[in-house]
Amino acid sequence: MINYIDRMADSLVDVLKYSQTEVEWPEPADLKPNDGVKPEWFYPAIENAEYSEISSILQYTQQEALFDEIGELMLGIALVEMKHFASVRDAIVALGGKLPQPFDNKNIKLGTNASEALILAAQAEIETIKFYKSIKTYLIETTDSVNITRQLLTKLIADETLHLKMINDRLKNIIGDEKEYNDIIKNKLPQINLYFS
Ligand SMILES: [Fe+2]
Ligand SMILES: [Fe+2]
């Protein structure tokens, strides 16, 4: 008899390597309106075309379908982005905000081969990290909601940093040639090393 629960548990453990498990999730439902955190700060994480959680879900799941050699990596990361989306959405609702409308996804960039797909994904992760770091600078009051939000952002940034590392490792591996890889970094991802310290 097939033990589906066991299979599911195995798959889940596999998926967990795409999330930084040392940094824990806070409970976004404990956030409160008018407690030092504005829901609008998070709206771009739902609706921005370059770095929102929705655009990364759409980008990575389509890249998974198109480029077999990076399929597992992209789907694994996309599953974590779905969890991110759910947490940001819960935070917006708990803070008394209104969920932005679904956006037009036809400009999502996928690339024409696995290397291009990885470069685009790395660029998206960098923009996402920058965005979440920018919200941290708005947190000046000392309230429960501010503390929860800081933890939420720390978790999101930790996961996106892990994604960036995994995407970069794969890119290096696929390119193979060191000079070619260094040229790509210089031209397309000049800031990448700032995120690995
Ligand atoms: Fe994310
Ligand atoms: Fe990510």
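Observations on the model:
- Annotation note: of THR142, THR112, the sole residue that is among the polar types (S, T, N, Q), more than 25 Å from ILE70 (Cα to Cα) and either away from ligand 1 (no atom under 13 Å from the Cβ) or over 16 Å from the mean Cα position of the chain (by Cα) (or both) is THR142.
- Of residues in the stretch 65-81 being buried (at least 18 other Cβ atoms within 10 Å of the Cβ) and closer than 20 Å to ILE175 by Cβ, the one farthest from ligand 1 (Cβ to nearest atom): PHE67
- Hey, LYS172 more than 16 Å from ligand 2 (Cβ to nearest atom), in a helix (DSSP H, G or I) and modelled with pLDDT of 95 or more or not: yes
- Here HIS84 meets each of (1) in contact with an Asp or Glu (Cβ under 6 Å, 6 or more places away or on another chain); (2) in a helix (DSSP H, G or I); (3) surrounded by fewer than 21 Cβ atoms within 10 Å (Cβ to Cβ) with one exception, condition (3).
- Complete set of residues in the stretch 35-44 that are within 16 Å of ligand 2 (Cβ to nearest atom) and modelled with pLDDT of 95 or more: PHE42
- Here the condition is being modelled with pLDDT of 95 or more and either among the acidic types (Asp, Glu) or surrounded by fewer than 16 Cβ atoms within 10 Å (Cβ to Cβ) (or both); of ILE140, ILE126, ILE157, it holds for ILE140 alone.
- Inter-residue pairs, beta-carbon under 6 Å, first touching a residue at least 12 places away in the same chain (Cβ under 8 Å) and in the stretch 46-75, second aromatic (Phe, Trp, Tyr), 6+ apart: GLU47/PHE103; TYR51/PHE131; GLU53/PHE85; MET74/TYR60
- When the stretch 112-123 is filtered for residues that are touching a residue at least 60 places away in the same chain (Cβ under 8 Å) and either open to solvent by less than 10 Å² (accessible area, probe 1.4 Å) or within 14 Å of ligand 2 (Cβ to nearest atom) (or both), the ones remaining, listed by number, are ALA114, LEU120, ALA121, ALA122, GLN123.
The values are calculated or read from the model by the stated rules, or taken from the named source; none is laboratory data. None of these values were measured; they are calculated from a predicted model. No Cβ is skipped: glycine too gets one built from the backbone with ideal geometry, and neighbour counts run over all protein chains shown. Just so you know, the surface numbers come from the protein's heavy atoms only, side chains and all, with ligands and any DNA or RNA stripped out. Shrake-Rupley method; radii C 1.70, N 1.55, O 1.52, S 1.80 Å.
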